[in-house]
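Remarks on the structure that follows.
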Amino acid sequence: MTTVAKSPPGGPPVTPLHRNRDFMLLWSGSAVSIVGSTASTVAYPLLVLALTGSASAAGVAGFFTLLPTLLFQLPAGALVDRWNRRRLMIWCDALRCLGAASIVAAVMLGELRLAHILIVGFAEGTLSVFYGLAAHAAVPNVVEAGQLRLALSRNEARGRAATMLGTPLGGILFGIGRSIPFLLDAVSYLVALVSLLFIRKDFQAARPRERVGGMAAQVWEGLVWLKDQPFVRAATLLVAGSNLLFRALFLIVIVMATDAGASSAGIGIMIGAAGAGGVLGSLTATWFGRRLPLATLVIGANWVWAVLMGVIVFADDLVVLALAYAAMWFVGPIWNVAVGSYQLSITPDRLQGRVLAATSMLSAGALPIGALVGGLLLDAVGPQQAAGALAVWMVLLAGAATLSRSVRRSTTSSADS
C-alpha cells in the first residue's frame, strides 16, 4: 500500500515519493551506480591476482581503494557545502566513468599495469567520498520534510539491494571476461550522470553571500556544531562501536559456518540471506519510526544486537547461526534511518556536508579496526571465544546507550524527524 504524505494545512498536496521525479532520478541513478561500483570492487582484487599472482598486491590494491574514506572525509565535507552539489556529482560520475573505461582499454590492449590499477582505485575511492556526501546532503532538498524518513529508508533498501546484486555479479562477469565488470562500472556511472542532468531541483538551499573562510575553519565549524549536539554525538560514537563489531563478526561468522560444515556456496547463501534481512529492515524502518521514540529505537537496537550476539555464541546449528546473523542485519537499517533522518532534519543545510563527513569518518574509521580485531581474535582464541568477546563488547555498548543521558533525554519521536 502506498503511503501519501500529509500536506501542510492550507498548502498544496504533497507529491507521493514514487511520483517525485527528481527523487526517483537521483534514487535510480545512484542504484545503477552502486551495482556497477560493487561489481568492480569485487573484480579489483581478482584482477590484481590475475595480473601479479600476489595476494599481498591484491591487499595493497584494496587498501588504496579504501584509503580515501579515511583521508578525505573532512575536506570533502567542507567542499560539498561550498560547491554546487549537483555539478560536483556530475563531475564525479564523469571522472569515475573515465577511470573505469581506462581499465577496460588497458585490459583489451594487454597494457594493464599494477600502478594503473592503484591510481584508478585511489581516484575512484576519492571521487566516491565526494559523491556519497553530496548525494546524502541533497536528499532534504529534493523531498518534502515529512518524507525525509521514507526517502532515507528507500535509500537504505537501494544500497543494500544493489550491493547484494553487484557482489556476485562482479565475480560472474570477471569469469566471463576480465574487462567486463569494469565496462559495467563505466556504463553505470554514465547512466547516473545522465539521470543527474534531468533533475530540476537544486541540491542545496539558497545561501546568502558570505565570506568563505579557509578549509580548516570550515571543517572546524562542522565539528563544533557536532560537538554541541549531544544526541548526535553519542549516536555517532555508538555507531562506530557497533561498526567495529559488525566488521569483526563478518569474518568470525564465516569461520564458524565453515567449522559447522558449510560449503563456500552455503556461506554465500548465508551472506545473501543476511543482505536480504538488511533490505527487509530498510523497507520496515519507516513503520518502526512512526511508532517508537528515537531513544527507544537507539537503546532497543543495541540490546537486540546484544541478545543476538548471545545466540550466535551458543549456536550449534548452521540455520540458527544464519538466522541470528540475518536478524542483526535487519536491525541495522532501522537504526540508520532513525538516526540519519533526525540528523539531516536538524543540521543546517550549509553544514550538511561537513557534519556528514565528521560522522562518516568516525563510523568508517571503525571498519578497518574491526577487520583487524576479528583476525586477531580468531588467531588468539578461536571462533566461539572470539564471538563471546564481541558479545561482551555489545553488552557494554548497549549499557552505554542505556546510561547515556543525551540518548535517554532524546524524547523526539522518530516520526517527527
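Go through 30-43, 303-316 and give me the packing order, highest mean Cβ count within 10 Å leading. Don't skip to the end; give the middle numbers.
Working: 30-43: 24.2, 303-316: 18.1.
Order by mean packing, descending: 30-43, 303-316.
Taking +1 at the Cβ of each Lys and Arg and -1 at the Cβ of each Asp and Glu, which of 245, 38, 402 sits farthest along the dipole of the chain towards its positive end, judged by Cα position relative to the Cα centre?
Value computed over the given set: 402.
When the dipole is taken about the Cα centre of the chain, and only Lys, Arg (+1) and Asp, Glu (-1) are charged at their Cβ, what size is it in debye, to the nearest 20? Intermediate values should be presented prior to the final figure.
Working: 29 positive and 18 negative charges, 274 e Å.
Charge dipole of the chain: 1320 debye, to the nearest 20.
Answer rounded, prolate or oblate for region 62-104, using the Cα gyration tensor with square roots of eigenvalues a ≥ b ≥ c: rounded when a/c is under 1.5, else prolate when a/b is larger than b/c, else oblate. Kindly include the intermediate steps, with their values, before the conclusion.
Working: a/c = 4.81, a/b = 1.20, b/c = 4.00.
Oblate.
Determine ³J(HN,Hα), in whole Hz, for all residues of region 242-257 in sequence, where each value follows from phi through the Karplus function 6.51 cos²θ - 1.76 cosθ + 1.60 and θ = phi - 60°; x replaces Gly and Pro.
My calculation for region 242-257 gives 6, 5, 4, 4, 5, 5, 5, 5, 3, 5, 5, 5, 4, 5, 4, 5 Hz in order.
Expressed as a rounded percentage, what relative contact order does region 217-416 have, with Cα pairs under 8 Å and six or more residues apart?
Values: 240 pairs, mean separation 86.7, N = 200.
Computed over region 217-416, the figure is 43 percent.
Name the residue from 102, 74, 47 whose Cα lies farthest towards the positive end of the charge dipole of region 17-205, charges +1 on Cβ of Lys and Arg and -1 on Cβ of Asp and Glu.
Towards the positive end, the residue furthest out is 74.
Mind ranking 120-126, 165-171 by how tightly packed they are, going by the mean number of other C-beta atoms within 10 angstrom, highest first? The partial results should precede the final answer.
Values: 120-126: 21.6, 165-171: 19.0.
Output ranking for 120-126, 165-171: 120-126, 165-171.
Assigning unit charges at the beta carbon (Lys, Arg +1; Asp, Glu -1) and nothing else, what dipole magnitude in debye, to the nearest 20, does region 217-416 show about its Cα centre?
Working: 10 positive and 8 negative charges, 141 e Å.
In debye, rounded to 20, region 217-416 gives about 680.
Starting from the Cα gyration tensor of region 297-381, take the square roots of the eigenvalues, sort them a ≥ b ≥ c, and report rounded, prolate or oblate (rounded when a/c is under 1.5, otherwise prolate if a/b is larger than b/c, else oblate).
Values: a/c = 3.58, a/b = 1.68, b/c = 2.13.
Oblate, since a/c reaches 1.5 and b/c is not below a/b.
State to the nearest 20 debye the size of the charge dipole of region 62-194 about its Cα centre, where the only charges are +1 on K and R beta carbons and -1 on D and E beta carbons. It would help to have the intermediate numbers written out before the result.
Details: 11 positive and 7 negative charges, 37 e Å.
For this selection, approximately 180 debye.
Taking only the Cα atoms of the chain, how large is their convex hull per residue, in Å³? Display every interim value, and only then the final one.
Values: hull volume 62.7 nm³, N = 417.
Once divided by residue count, the hull of the chain is 150 Å³.
Which of rounded, prolate, oblate describes region 217-416, given a ≥ b ≥ c as roots of the alpha-carbon gyration tensor eigenvalues and a/c under 1.5 marking rounded, otherwise prolate only if a/b is larger than b/c? It would help to have the intermediate numbers written out before the result.
On the way: a/c = 2.04, a/b = 1.70, b/c = 1.20.
Verdict is prolate for region 217-416.
Using the Cβ atoms and a cut-off under 14 Å, what net charge is assigned to the surroundings of residue 400, where Lys and Arg are +1 and Asp and Glu are -1? Before the final figure, lay out the partial values.
Numbers: positive: 233, 405, 408; negative: none.
My count for the surroundings of residue 400 gives +3.
Mind checking which of 84, 155, 302 has the largest fluctuation in a GNM of the chain, springs on alpha carbons under 10 Å?
Sorting by GNM fluctuation, first place goes to 84.
Between 376, 346, 366, whose Cα lies farthest towards the positive end of the dipole of region 294-417 when Lys and Arg beta carbons carry +1 and Asp and Glu beta carbons carry -1, centred on the Cα centre?
Toward the positive end, the furthest listed residue is 346.
Quick note: the coordinates plus some simple rules give every number you see, no bench work behind them. Nothing here was measured: the structure is a model prediction, and the numbers come from that model. Using ideal geometry, Cβ is built from the backbone for each residue, glycine included, and neighbour counts are taken over all protein chains shown.
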